[in-house]
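Input: a single structure, listed below in structure tokens.
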Amino acid sequence: MAEEVNAGQFLESMAALARELDCPTVLVPTDDYSAILIAENAEALASIFRFPRPPSALPRTLANKRTLYELCKARDIACPATFFPESRAEFLDFAQRVRLPVVVKAIEPWRAPSGLRSTVLVSDRDELINYCDARQVPATSVMIQEMIPASTSEDWFVHGYCDSGSNPLALFTGVKLRSYPPFAGPTTLGRAIRNDFLLGQATDLMKSIGYWGIMDLDYRFDKRDGHYNLLDFNPRVGAQFRLFRTAEGTDVVRAMHLDLTGRAIEASPQIEGRTFVSEVHDLFASWAHFRNGSLTLSEWLRSLRRIDETAWFSPTDPWPFFLLCLHMPVRAFRRDSLPRNLKRTEEMPHASAETLQPTEGELPPN
């Protein structure tokens, strides 16, 4: 498992950074574990940095898939059916009976072994049965979640920033059009589309938990029952945050900076229709959609007709993009890489009616 940084190491490194910068600095966490460490060591950091101060245990609760699921159930928030094995035997028993495909997630993604994906779509029973042994992870460190069929769902995300009163000073919604790995990974093509219902649902959630800070939420809309299912709550900035901005140029990072430095944020709606692409990753995602017949060449070309934000390419600094192009083909042939994911996604349309129910009996209790 990935080694965690202890509080002492973290505070020592942050103090050294503060001495080097030697000026007031706003902290912007870019991963879940950073957000957790900042929140849990807020008292020691407050004298040298500026950052939101949510309840100290809240970021860990939200980033942990099990406690997030429990929070959703306690507040009657829709989320996919989920099973948490309490032992290896329980995992194996469930894996032999559950209907496929399913999504397997690391409960604490920051502890996942380096190089392995924390979220995997599984359509093959042998792969599911051998999942933990192949990755050398305990069965109690993962969860098995219903895969809401792609044919009856839409993927949405919410990016925002809330102030100390949990008031959203910037809140945006968009649609995830493609992802890598397909159907179970980060956004490779997304579009900013205002969704007032989802904005209201996210605002109610922030108020109910007393959230303060930047957040990146993933939802899957189930057309069968009309519910937006909360998949992930990331208590930090999202990778595609620059997709969203207002006419004044305010995104979630700028909103946080303005708030923490005591400046006003002009209220303004998001710019509609802006499009984000993660260039090389989207090629792999698009190929998977070609393979299963859900994307044609003309549709693919139209989807890339207007791109407002790219993840890697910049004409003023092209080297990150070129290095990624060299690196991605190597990754594509490693474990959990492109060929295995393509094979799984091809099966999805034929399994679209499957849900997280055992083939015999009832869903084991959580």
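The values are calculated or read from the model by the stated rules, or taken from the named source; none is laboratory data. Not measured: the values here are computed from a predicted model. Every residue, glycine among them, receives a Cβ derived from its backbone with ideal geometry; neighbour counts consider all protein chains shown.
Consider Ala106 carefully, then state whether it is at pLDDT 95 or above and either under 27 Å from Leu37 (Cβ atoms) or surrounded by 20 or more Cβ atoms within 10 Å (Cβ to Cβ) (or both).
Details: at pLDDT 95 or above: yes; either under 27 Å from Leu37 (Cβ atoms) or surrounded by 20 or more Cβ atoms within 10 Å (Cβ to Cβ) (or both): yes.
Against the criterion (at pLDDT 95 or above and either under 27 Å from Leu37 (Cβ atoms) or surrounded by 20 or more Cβ atoms within 10 Å (Cβ to Cβ) (or both)), Ala106 qualifies.
Residues Arg111, Arg50: which one is within 28 Å of Met215 (Cα to Cα), surrounded by fewer than 18 Cβ atoms within 10 Å (Cβ to Cβ), touching a residue at least 40 places away in the same chain (Cβ under 8 Å) and over 22 Å from the mean Cα position of the chain (by Cα)? Quick ask: steps written out before the conclusion?
Working: Arg111 fails: over 22 Å from the mean Cα position of the chain (by Cα).
On inspection, the qualifying residue turns out to be Arg50.
Scanning region 30-53 for residues that are farther than 15 Å from Met206 by Cα and part of a loop (DSSP other than H, G, I, E, B) yields Thr30, Asp31, Asn41, Ala46, Ser47, Ile48, Phe49, Phe51. Only one of the numbered conditions (1) surrounded by fewer than 21 Cβ atoms within 10 Å (Cβ to Cβ); (2) under 22 Å from Ala78 (Cβ atoms); (3) touching a Phe, Trp or Tyr at 6+ places or on another chain (Cβ under 8 Å) is violated by Ile209, and that is (3).
Within region 194-215, is even one residue under 13 Å from the mean Cα position of the chain (by Cα) and modelled with pLDDT of 95 or more? First the steps, then the outcome.
Let us first name the residues in region 194-215 that are under 13 Å from the mean Cα position of the chain (by Cα), namely 215.
Next, only the ones that are modelled with pLDDT of 95 or more stay: 215.
Yes, because at least one residue in region 194-215 is under 13 Å from the mean Cα position of the chain (by Cα) and modelled with pLDDT of 95 or more.
If you take the residues of region 138-167 that are of a type in the set (Val, Ile, Thr) and surrounded by fewer than 19 Cβ atoms within 10 Å (Cβ to Cβ), which of them is modelled with the lowest pLDDT?
Our first condition is that a residue be of a type in the set (Val, Ile, Thr); within region 138-167, this holds for 140, 142, 144, 148, 152, 158.
From what is left, the residues that are surrounded by fewer than 19 Cβ atoms within 10 Å (Cβ to Cβ) are 140, 152.
Working: Thr140: 96, Thr152: 93.
For region 138-167, the residue satisfying everything is Thr152.
Of all the helices (runs of 4 or more DSSP H) wholly in region 253-366, which have at least 2 residues that are modelled with pLDDT under 80? Here the list reads 319-331, 338-347. Residues of region 216-237 being in contact (Cβ under 8 Å) with a residue 60 or more places away in the chain and under 13 Å from Leu171 (Cα atoms), which ones? Matches in region 216-237: Leu217, Val237. Annotation note: Cβ proximity below 7 Å between a residue of region 187-203 that is without any contact (Cβ under 8 Å) to a residue 40 or more places away in the chain and crowded, with 17+ Cβ neighbours inside 10 Å and a residue that is among the hydroxyl-bearing types (Ser, Thr, Tyr) and in a loop (DSSP other than H, G, I, E, B) (sequence gap 6+ or interchain) occurs for no pair. Applying the condition of being among the β-branched types (Val, Ile, Thr) and in a helix (DSSP H, G or I) to region 172-222 and asking which residue is farthest from Asn292 (Cα to Cα) yields Ile209.
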